[in-house]
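Read the structure below first, then the notes.
The values are calculated or read from the model by the stated rules, or taken from the named source; none is laboratory data. Because the structure is predicted, anything quoted here is derived from the model rather than measured. Glycine gets a Cβ as well: all are built from the backbone with ideal geometry, and neighbour counts include every protein chain shown.
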């Protein structure tokens with residue numbers, strides 16, 4: 001009988017943790033995004049945070065968006081792309097609740113948006129679909145929060161939505 005080496009045991013443990021972690025992410029209901037200047041280089045000093053939490057029954061979701069040092073904010077959305085990391089279309093209006101854009105003049109820091117929505121609020125590529133379709137896009141790395149301003153109409157700060165890791169008690 002061959003001895004099982006420590007390296008073999010560590011590799012097996014890592015594989016088990018990877019599978020368990022993937023299963024936990026698949027069941028996730030809470031997602032967060034850290035917002036900062038997008039990769040195209042807006043050179044923004046603004047930052048923000050967003051959180052999205054799906055109800056247990058999957059029929060609604062709550063979101064909250066905080067921003068810091070945004071100037072002339074016009075709107076915020078969840079965008080969904082066809083592939084991870086790509087730019088996508090608007091799937092859910094966060095601020096204002098729906099079009100048209102609303103200008104917050106000057107510098108703004110604080111709570112930008114907070115509400116509970118249903119599948120009826122989905123637009124663009126998810127119009128007529130379910131909130132589970134949005135959750136799937138998030139799990140696949142295709143959804144991000146984007147906050148638009150007058151200076152950066154395509155988006156000044158943005159961040160991909162990721163599953164919130166459960167805190168140990």
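Before moving on, here are some points about what is shown:
- Residue within the stretch 86-93 that is assigned to a loop (DSSP other than H, G, I, E, B), closer than 24 Å to residue 140 by Cα and in contact with a strand residue (DSSP E or B) (Cβ under 6 Å, 6 or more places away or on another chain) present: yes
- Test: residue in the stretch 45-55 that is over 15 Å from residue 157 (Cα atoms), modelled with pLDDT of 95 or more and surrounded by fewer than 16 Cβ atoms within 10 Å (Cβ to Cβ): yes
Yes or no, residue by residue, for (1) in a strand (DSSP E or B); (2) buried (at least 21 other Cβ atoms within 10 Å of the Cβ):
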position	(1), (2)
108	yes, no
128	no, no
132	no, no
141	no, no
144	yes, yes
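- The residues listed here are 103, 161; of these, the one that is surrounded by fewer than 16 Cβ atoms within 10 Å (Cβ to Cβ), under 25 Å from residue 46 (Cα atoms) and in contact with a strand residue (DSSP E or B) (Cβ under 7 Å, 6 or more places away or on another chain) is 103.
- Candidates 82, 102 - the one that is in contact (Cβ under 8 Å) with a residue 60 or more places away in the chain and assigned to a loop (DSSP other than H, G, I, E, B): 82
- Residue match in the stretch 118-125 (condition: more than 21 Å from residue 62 (Cβ to Cβ) and at pLDDT 95 or above): yes
- Every test in (1) surrounded by 14 or more Cβ atoms within 10 Å (Cβ to Cβ); (2) free of Cβ contacts under 8 Å to residues at least 24 places away in the same chain; (3) not in a loop (DSSP other than H, G, I, E, B) is passed by residue 120 save one, and that test is (1).
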